[in-house]
1. Among the numbered criteria (1) of a type in the set (A, V, I, L, M, F, W, C); (2) assigned to a loop (DSSP other than H, G, I, E, B); (3) in contact (Cβ under 8 Å) with a residue 40 or more places away in the chain, which one does A:Val210 miss?
2. Could you list all residues from the stretch A:114-138 that are aliphatic (A, V, I, L, M) and surrounded by 14 or more Cβ atoms within 10 Å (Cβ to Cβ)?
3. Identify the residue in the stretch A:203-221 that is surrounded by fewer than 23 Cβ atoms within 10 Å (Cβ to Cβ) and more than 19 Å from A:Met186 (Cβ to Cβ) and, among all such residues, is farthest from the other protein chains (Cβ to nearest Cβ).
4. Touching a strand residue (DSSP E or B) at 6+ places or on another chain (Cβ under 8 Å), modelled with pLDDT of 95 or more, farther than 14 Å from B:Val235 by Cα and among the aromatic types (Phe, Trp, Tyr) - does that describe any residue in the stretch B:15-34?
5. Pairs, please: C-beta under 8 Å, at least 6 apart or cross-chain, first residue farther than 16 Å from B:Ala68 by Cβ and at pLDDT below 95 and in the stretch B:110-139, second assigned to a loop (DSSP other than H, G, I, E, B) and of a type in the set (A, V, I, L, M, F, W, C)?
6. How many residues are without any contact (Cβ under 8 Å) to a residue 60 or more places away in the chain and more than 7 Å from every other protein chain (Cβ to nearest Cβ) if we restrict to the stretch A:233-249?
7. Being more than 23 Å from the chain's Cα centre (by Cα), among the hydrophobic types (A, V, I, L, M, F, W, C) and more than 18 Å from A:Asn85 (Cβ to Cβ), is that true of even one residue in the stretch A:214-225?
8. I'd like the full set of residues that are more than 20 Å from B:Asn110 (Cα to Cα) and β-branched (Val, Ile, Thr), limited to the stretch B:166-180.
Amino acid sequence: MVSQGQNLLGRTAIVTGGGRGIGRAIVDRLVADGAHVLVCGRGNRPDDLAAEIAWVQADVGKSSDAEAIVRAARDAFGAPTILVNNAGIQITKTVVETTDEDWDLVVGANCKGMFNMCRAVLPFMAEHGGSIVNIGSISGNVADSKMAVYNASKAFVHALTRSMAVDHGPKVRCNAICPGWIMTEMAADGFDLASDPARAKADAIARHPVGRLGVPADIANAVAWLVSDQATFATGQCFVLDGGLTAASPLQPGLF
Amino acid sequence: MSGKLTGKVALVTGGRGGIGRAICERFLAEGATVFAGDLSDTGSMGSSPQASAAFVPLDVTSEHQVMAAMGKVEAAAGKLDVLVNAAGIEIEKTIEHTTLDEWNRCFAVNVTGMFLTSKYALPLMRKAAGGGNTASIINFGSYDGFIADPGLAAYCASKGAVHALTRAMACDHGPEGIRVNAICPGYVDTPMLQSFFAGAGSGGGGGTIDSLRDAVRNVHPIRNYGTPADVANLVNWLASDEARYASGQLWILDGGLSAQVQQMRL
């Protein structure tokens with residue numbers, strides 16, 4: 001692990017969906033960099049969450065919950081100047097297979113949840129300044145098969161990112177990070193479902209110019225940079241962090 | 001903050017220019033051994049000569065000079081962890097007014113130079129990569145590789161080529177542990193930008209340099225153009241082990257300029 005400074009010392013940060021996976025790595029990194037962090041998730045507080053980290057059980061898809069999260073952060077640590085919208089839901093279905101309930105679940109969390117959180121936090125940031133980082137996806141730029149509504153929801157994230165940067169700059173900066181394949185429990189489950197899991201994983205790795213899949217800390221590294229004072233000229237962008245996956249053509253004859 | 005590049009060896013082309021100089025200074029502050037390649041020790045735009053990064057005479061369009069520069073880096077440091085291709089020129093003309101010599105010069109510096117320095121840096125970068133360490137090439141693309149500014153045709157085209165070359169190099173050399181990314185700055189306060197304010201850029205509206213400068217600031221969501229230090233911040237991150245999963249991408253750093261549907265009226 002690279003040594004970290006305390007360049008977020010005393011800042012109040014909110015990370016949605018921060019209980020596990022990528023969100024958890026972001027939480028750990030922001031804490032290491034000196035921020036006071038409030039985390040929310042739909043379940044109970046994770047047992048292994050450090051005591052100084054605040055937890056709110058909430059559903060960001062509900063606007064009242066989003067407002068409660070922001071108030072809780074302000075009451076615990078002072079006005080939030082960092083928001084990381086990481087909470088997201090992935091459903092593997094085509095348009096035809098997607099039910100009304102699936103739509104509500106995916107769009108509710110990925111689109112409305114992110115919108116709710118931004119709407120609740122922007123008044124604080126308009127006063128104190130701030131940086132929002134949304135977790136988009138390469139799937140918002142190029143389609144993953146049988147993930148129709150998820151792909152579309154991430155394109156929504158990218159577009160709202162640009163809109164908020166334009167509308168709420170210069171006080172507020174807003175960027176997205178678009179991860180590729182990051183090894184989380186969610187991704188590991190995907191490989192387990194393949195007919196030949198070992199071959200599937202080797203194939204996936206071979207498609208990455210950096211020769212490996214991502215880890216949650218890779219995304220946390222980029223979030224830490226974007227919310228820091230190192231990135232005061234960065235706004236309105238969707239930064240792809242995918243080990244080179246989408247820089248290469250999806251047609252790779254060497255893997256046939 | 002310091003020490004993110006401790007033990008790393010870096011070569012910055014255009015290292016005595018506005019942005020290149022800021023990158024060299026940042027790399028030194030982060031503990032790297034830094035070589036600044038440029039046409040002259042004072043830089044092609046005549047910046048001040050005080051700089052502590054070791055100067056290497058380097059015309060990136062000369063295969064012979066590129067090979068000699070890499071030889072100097074090898075003799076002094078034995079490896080190269082970071083190559084920053086910051087050398088670049090702008091031709092402020094439409095294609096109709098651009099001579100073939102100007103067009104060729106623009107591509108020679110902005111594209112062929114990147115090809116040559118990267119080609120001859122690779123053997124040295126393989127010595128740095130491995131054992132969990134990645135080497136990093138950072139190319140200078142531009143916002144203009146995506147969106148055209150008026151009267152910069154050859155420059156826009158050359159930056160589009162840089163973006164494609166960046167992806168190609170990332171695919172080819174990633175398996176060797178060499179990451180390749182491009183930084184795509186928008187408007188950054190350099191001698192090149194000041195020259196633009198003083199020259200062709202002020203032609204359209206008939207305003208003063210100051211009114212043009214304010215107009216440029218105000219069209220940015222962040223309400224300012226960037227500084228070389230802003231760019232150096234991102235270069236430093238991409239060069240560091242923090243960015244070990246970042247490859248093949250174009251990192252736009254433009255204060256939000258290209259996030260909006262809005263044309264500069266200059």
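The values are calculated or read from the model by the stated rules, or taken from the named source; none is laboratory data. Values in this document were obtained by computation on a predicted structure and should not be read as measured data. Cβ placement follows ideal geometry from the backbone for every residue including glycine, while neighbour counts extend to all protein chains displayed.
1. (3)
2. Here is the first cut: in the stretch A:114-138, the residues aliphatic (A, V, I, L, M) are A:114, A:117, A:120-122, A:125-126, A:132-133, A:135, A:138.
Of everything in the stretch A:114-138, those that are aliphatic (A, V, I, L, M) and surrounded by 14 or more Cβ atoms within 10 Å (Cβ to Cβ) turn out to be A:Met114, A:Met117, A:Ala120, A:Val121, A:Leu122, A:Met125, A:Ile132, A:Val133, A:Ile135, A:Ile138.
3. A:Ala206
4. The answer is no, given that none of the residues of the stretch B:15-34 is touching a strand residue (DSSP E or B) at 6+ places or on another chain (Cβ under 8 Å), modelled with pLDDT of 95 or more, farther than 14 Å from B:Val235 by Cα and among the aromatic types (Phe, Trp, Tyr).
5. Going by the 8 Å Cβ cut-off, the qualifying pairs are B:Thr134/A:Val210.
6. Residues of the stretch A:233-249 that are without any contact (Cβ under 8 Å) to a residue 60 or more places away in the chain, as a first pass: A:233, A:244, A:247-249.
Next cut, more than 7 Å from every other protein chain (Cβ to nearest Cβ) only: A:249.
Residues flagged as without any contact (Cβ under 8 Å) to a residue 60 or more places away in the chain and more than 7 Å from every other protein chain (Cβ to nearest Cβ) within the stretch A:233-249 amount to 1.
7. Kept after step one, since they are more than 23 Å from the chain's Cα centre (by Cα), are these residues of the stretch A:214-225: none.
Checking the stretch A:214-225: not a single residue is more than 23 Å from the chain's Cα centre (by Cα), among the hydrophobic types (A, V, I, L, M, F, W, C) and more than 18 Å from A:Asn85 (Cβ to Cβ).
8. Filtering the stretch B:166-180 down to residues more than 20 Å from B:Asn110 (Cα to Cα) leaves B:171-178.
Within the stretch B:166-180, B:Ile178 is the sole residue that qualifies.
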